[in-house]
Amino acid sequence: MRKLTYFIACSLDGFIGDAAGDATDMFRFVDEEFLAYLTEQYPETVPTQGRRALGLDHLENRRFDTVIQGRGSYDEALKLGITSPYAHLRQYVATRSLPESPDPEVELIADDVVGRVRALKAEEGGRDIYLCGGSQLAGALLDEIDELVVKSYPVVYGTGMPMFASGFSVTDFALDEVRAFGNGAVVRTYSRKR
């Protein structure tokens, strides 16, 4: 069974962006040390455009072969004229508001995102599934998330878009690993307690 991993960046107080979802302020923490870690451990989470710019096209996918993201996350790429932000992965976008995909490599999921994710997880072989964001989608898929990789940056937003937009639901995860960086960023990995 493939795992669904929510790989997300957030502030110390658990926000993945400001109230509009903008997280560009966190990019300043992606320094040389942090980027080396990302490209070694999670190269497939670097968008295709970034991989090309950094000369990382040669890197093979280590953990994931599929990405699922919400409309807000996908819109960030569309604003830049990028219709296939993760061309090195199978791409899915959960949306009810986008009538058709602007790219043949990106499949839209309009209904029953939980059922579609369960079907993806049940596929034989392959690597795990990268849940890119955002908040609404993570909330809808909370029961399906098997692993959290939380990149916490040393900044407090005070308010904004939470990691999970969902009703109150206590869900236990076990801490597997912690990695700290010189810039104050910390990556915590958790596995779901079932």
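The values are calculated or read from the model by the stated rules, or taken from the named source; none is laboratory data. This structure is a prediction, so every number in the text was calculated from the model and none was measured. Glycine also receives a Cβ, built like all others from the backbone with ideal geometry; neighbour counts cover every protein chain displayed.
If we keep just the residues of the stretch 168-194 that are in contact with a helix residue (DSSP H, G or I) (Cβ under 8 Å, 6 or more places away or on another chain) and in a loop (DSSP other than H, G, I, E, B), which is modelled with the lowest pLDDT?
The qualifying residue modelled with the lowest pLDDT is S169.
Which of the residues belonging to the stretch 143-164 are surrounded by fewer than 16 Cβ atoms within 10 Å (Cβ to Cβ) and free of Cβ contacts under 8 Å to residues at least 40 places away in the same chain?
D143
How about the stretch 98-117: which of its residues are under 19 Å from F64 (Cα atoms) and assigned to a loop (DSSP other than H, G, I, E, B)?
Once the filter is applied, which keeps residues that are under 19 Å from F64 (Cα atoms) and assigned to a loop (DSSP other than H, G, I, E, B), the stretch 98-117 yields only E105.
Residues in the stretch 6-18: is at least one over 21 Å from T189 (Cα atoms) and either hydrophobic (A, V, I, L, M, F, W, C) or outside any loop (DSSP other than H, G, I, E, B) (or both)?
For the stretch 6-18, residues over 21 Å from T189 (Cα atoms) and either hydrophobic (A, V, I, L, M, F, W, C) or outside any loop (DSSP other than H, G, I, E, B) (or both): absent.
Hey, can you tell me all the residues within the stretch 1-38 that are touching a Cys at 6+ places or on another chain (Cβ under 9 Å) and β-branched (V, I, T)?
I8, I16
Could you give me the residue pairs with C-beta distances under 8 Å whose first residue belongs to the stretch 10-29 and is crowded, with 20+ Cβ neighbours inside 10 Å, whose second residue is among the basic types (K, R) wherever it lies, and which are 6+ apart or on separate chains?
Short answer, once both residue conditions are applied: C10/K151.
Output the residues belonging to the stretch 85-101 that are surrounded by 16 or more Cβ atoms within 10 Å (Cβ to Cβ) and either without any contact (Cβ under 8 Å) to a residue 24 or more places away in the chain or over 20 Å from Y6 (Cα atoms) (or both).
L98, S101
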